[in-house]
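Accompanying notes for the structure given below.
The values are calculated or read from the model by the stated rules, or taken from the named source; none is laboratory data. All values derive from a computational prediction rather than experimental measurement. All Cβ positions, even for glycine, are placed from backbone atoms using ideal geometry, and neighbour counts span all protein chains on display.
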Amino acid sequence: MAPRKSTTAASRKKPAEKSGLSGGITEFDKATELEAYREMLLIRRFEEKAGQLYGMGFIGGFCHLYIGQEAVVVGMQMALKDGDQVITGYRDHGHMLAKGMEARGVMAELTGRQGGYSRGKGGSMHMFSKEKDFYGGHGIVGAQVSLGTGLAFANKYRGNDSVSVAYFGDGAANQGQVYESFNMAALWKLPVIYIVENNRYAMGTSTARSSAQSNFSLRGNSFGIPGHQVDGMDVRAVHAAAVEAVAYCRSGKGPIILEMLTYRYRGHSMSDPAKYRSKDEVQKMRSEHDPIEQVKARMLELKHATEDDLKAIDKKVRDIVADSADFAQNNPEPDASELYTDILL
C-alpha cells in the first residue's frame, strides 16, 4: 500500500468552535470527528507496531510510546496552521504523525535506516523535519522548552504571525531552564504555547511525590503567564483550549500555558515495567477515559459512523502502519560515508 499522504491544517475542515478554555469543548461535526478518530488511531496503531518492532530487536536504544495521550497532539494540531512550529521531548512519534510526517519516514528513522527523516542517525528521540515545521524530538529533559521559546522569538523578530508550540512533561516542568524560558517569553511577549503533558508520572515518580505545586497550569503565575488545565483525554476539550490559546498568542499578548491532564498506558520507555502503579489504575483509565474510544462511542451514538465504517478505517490505518514497518525493515542502513555528515566537530 502506498504511504499515507500528508494532511495539513489548511486542508482540514474547521469545526465549529463552541466554548472556551475553562472546561469547554468544541462540538465536532461528522467530518471532523472522523478526522480526529483517524489521526488518533494512526498514532495508536503506529506506536503499537513500534513496540512490537522494539521487542523483535529492529529498534535499538530508547523508545518512548505515546499510547493513551493521542488526543493532546491531535486536538492541538487541528487548531494550528502551516508555518506554526512544534517542538517536543523524546515521546515524540505521535507529534510527528500529527504534523503530517509520513509513517514510512518515521518508522525508518526508528529502525536506523537511510529512508528515515534524519537519515537513520537520529533514532526515536531526535527526528526533525524543517519542511513540516517539526523541530524535534529532544533527549535532554526540558531542552525543547528553551528552543521552542527561541522559535517564538524568531517569529516575533521576523514579524510573522506564526506560533511556536513547545510540549514537555510534568517531570520536565521542574527543570530550571523552563522558568528562564518563561521569564524571557513573558518579558518580550513571545508567541509561544507551553503544553505540559501531565501524564501523572515523571519516569516512575508520581507528581504528588515530585512536585510541590502539582497544578502545572499555575507555574507561570509569577511571570504573569496565564495557564489553564484541560482534559487531555478528550480531543474536543483540547481543541477548544487550543483555538483560544492560538488566538491569544497571535494577537500579541505573549505566552500561555496549557496543562493537558492525560495518561500514558505503557511504561516511561520500553525498558520500564511500570511497577510503580497498579494494573487496576491503568485499566480504569483505559475503560473510562480512552480518547479514541470516546470518539468511537460518540460517532456510533450519533450515527456518524457504523461499526463497519470504523472497521474499515482501522483496516486502512493498519495497512499504512504495516507498510511503514515493511519499508523500514527493507530499507538499507546509512552508508559508512554518512558517519560524519551533518555532525559538528
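Cβ-Cβ under 6 Å, sequence separation 6+ or interchain: first residue in the stretch 51-64 and of a type in the set (Val, Ile, Thr) and surrounded by 12 or more Cβ atoms within 10 Å (Cβ to Cβ), partner in a helix (DSSP H, G or I) and modelled with pLDDT of 95 or more. Which pairs?
Short answer, once both residue conditions are applied: Ile59/Leu53; Ile59/Leu110.
Scan the stretch 205-249 for residues that are in contact (Cβ under 8 Å) with a residue 40 or more places away in the chain, among the hydrophobic types (A, V, I, L, M, F, W, C) and assigned to a helix (DSSP H, G or I) and jot them down.
Passing the criteria: Phe216, Phe223, Val235, Ala237, Val238, Ala240, Ala241, Ala242, Val243, Ala245, Val246, Cys249.
If Gln52 passes every condition in (1) closer than 23 Å to Val243 by Cβ; (2) outside any loop (DSSP other than H, G, I, E, B); (3) modelled with pLDDT of 90 or more; (4) more than 13 Å from the chain's Cα centre (by Cα) but one, which one does it miss?
Of (1) closer than 23 Å to Val243 by Cβ; (2) outside any loop (DSSP other than H, G, I, E, B); (3) modelled with pLDDT of 90 or more; (4) more than 13 Å from the chain's Cα centre (by Cα), only one is false for Gln52: (1).
Determine which member of the set Arg286, Arg236, Arg277, Arg250 is crowded, with 19+ Cβ neighbours inside 10 Å and among the charged types (D, E, K, R).
The conditions single out Arg236.
Taking the criterion of being touching a Lys or Arg at 6+ places or on another chain (Cβ under 6 Å), crowded, with 21+ Cβ neighbours inside 10 Å and among the basic types (Lys, Arg), would at least one residue in the stretch 97-110 satisfy it?
Yes, there is a match, as at least one residue in the stretch 97-110 is touching a Lys or Arg at 6+ places or on another chain (Cβ under 6 Å), crowded, with 21+ Cβ neighbours inside 10 Å and among the basic types (Lys, Arg).
Please go through the stretch 289-316 and give me each residue that is among the hydroxyl-bearing types (Ser, Thr, Tyr) and either surrounded by 14 or more Cβ atoms within 10 Å (Cβ to Cβ) or under 21 Å from Gly232 (Cβ atoms) (or both), ordered by number.
If the condition is that a residue be among the hydroxyl-bearing types (Ser, Thr, Tyr) and either surrounded by 14 or more Cβ atoms within 10 Å (Cβ to Cβ) or under 21 Å from Gly232 (Cβ atoms) (or both), then no residue fits.
Mind counting the residues in the stretch 93-106 that are touching a residue at least 60 places away in the same chain (Cβ under 8 Å) and outside any helix (DSSP H, G or I)?
Result for the stretch 93-106: 3.
In the stretch 106-118, how many residues are in contact with a Ser or Thr (Cβ under 8 Å, 6 or more places away or on another chain) and not β-branched (Val, Ile, Thr)?
5
Looking at the stretch 81-92, which of its residues are part of a loop (DSSP other than H, G, I, E, B) and either surrounded by fewer than 24 Cβ atoms within 10 Å (Cβ to Cβ) or in contact with a Phe, Trp or Tyr (Cβ under 9 Å, 6 or more places away or on another chain) (or both)?
Once the filter is applied, which keeps residues that are part of a loop (DSSP other than H, G, I, E, B) and either surrounded by fewer than 24 Cβ atoms within 10 Å (Cβ to Cβ) or in contact with a Phe, Trp or Tyr (Cβ under 9 Å, 6 or more places away or on another chain) (or both), the stretch 81-92 yields Lys81, Asp82, Gly83, Thr88, Gly89, Tyr90, Arg91, Asp92.
For residues that are closer than 15 Å to Glu109 by Cα and not in a helix (DSSP H, G or I), tally how many sit in the stretch 294-338.
Matching residues across the stretch 294-338 total 5.
Do we find that Arg286 is of a type outside the set (A, V, I, L, M, F, W, C), in a helix (DSSP H, G or I), touching a residue at least 24 places away in the same chain (Cβ under 8 Å) and more than 16 Å from Gln77 (Cα to Cα) in this structure?
yes
Being free of Cβ contacts under 8 Å to residues at least 40 places away in the same chain and either closer than 30 Å to Val72 by Cβ or crowded, with 18+ Cβ neighbours inside 10 Å (or both) is the filter here, so list the residues in the stretch 317-345 that pass it.
Passing the criteria: only Asp326.
Select from the stretch 134-156 the residues that are among the hydrophobic types (A, V, I, L, M, F, W, C) and part of a helix (DSSP H, G or I) and write down the one among them that is modelled with the lowest pLDDT.
Looking at residues that are among the hydrophobic types (A, V, I, L, M, F, W, C) and part of a helix (DSSP H, G or I), I get Ala143.
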